[in-house]
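FYI, it's all coordinate maths here, none of it is from the lab. Bear in mind that the values here come from a model prediction, so they are computed numbers and not experimental data. As a convention, Cβ positions derive from the backbone with ideal geometry for all residues, glycine included, and neighbour counts pool all protein chains shown.
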Amino acid sequence: MNRRDAVLAVLAAADGNGYGPAQLQKALFLISRNAPDVFDDGRGFNFTPYDYGPFDKRVYDAADSLVSEGLCSVVRSSSGYRTYHATEDGRRMGQQLLDGLDAGKRSYIEEVCRWVRSLSFAQLVKSIYQAYPETRKNSIFVG
């Protein structure tokens, strides 16, 4: 799976629900960190410590690519906050990607996706910092 496919699989694993920016970043961070063999082409993500923990701009680049392909939509609130959703075609294609993985990898991705969406922004960032303290290095988060 390449970066684009990984983002699509994560979006599809939400079963029609969306991800905030931090949720999308942290889901892909956890997958990259704990299941790097999901990326079969050696071109996974390279997360570095940033304002709210691990960050890789290429997550958003991949999501933008999926938007241009009609596989992802981005909804902006009145305050500019983005929420990423798989479109119906994106859900179908992402589910095919998930179904093509071995059961352990698929289960891990689905579990991570449920977990990141179950937490508030502050809970998610705190949890990542507790498990991966090195990702707090450049943080501006005070919570």
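Could you give the length gained by full extension between V142 and E69, i.e. 0.36 nm per residue of separation minus their alpha carbon distance, to one decimal place?
Working: separation 73, 0.36 × 73 = 26.28 nm, distance 3.72 nm.
Additional length available on full extension: 22.6 nm.
The residue among G104, V59, G80 whose Cα reaches farthest toward the positive pole of the charge dipole of the chain, with charges on the beta-carbon of Lys, Arg, Asp and Glu, is G80. Give the separation of the Cα centroids, the stretch 61-117 to the stretch 1-40, in Å. If we compute the Cα centre of each part, the gap is 7 Å.
Computed from point charges on the beta carbon alone (+1 for Lys and Arg, -1 for Asp and Glu), the dipole magnitude for the chain about its Cα centre is near 520 Debye. Secondary-structure-derived ellipticity at 222 nm for the chain, considering helices only, amounts to -16500 deg cm²/dmol, per-run term -39500 (n - 2.57) for DSSP H runs with n ≥ 4. Estimated from the Cβ-Cβ distance and a Förster radius of 25 angstrom, the FRET efficiency linking R76 and D51 is about 0.80.
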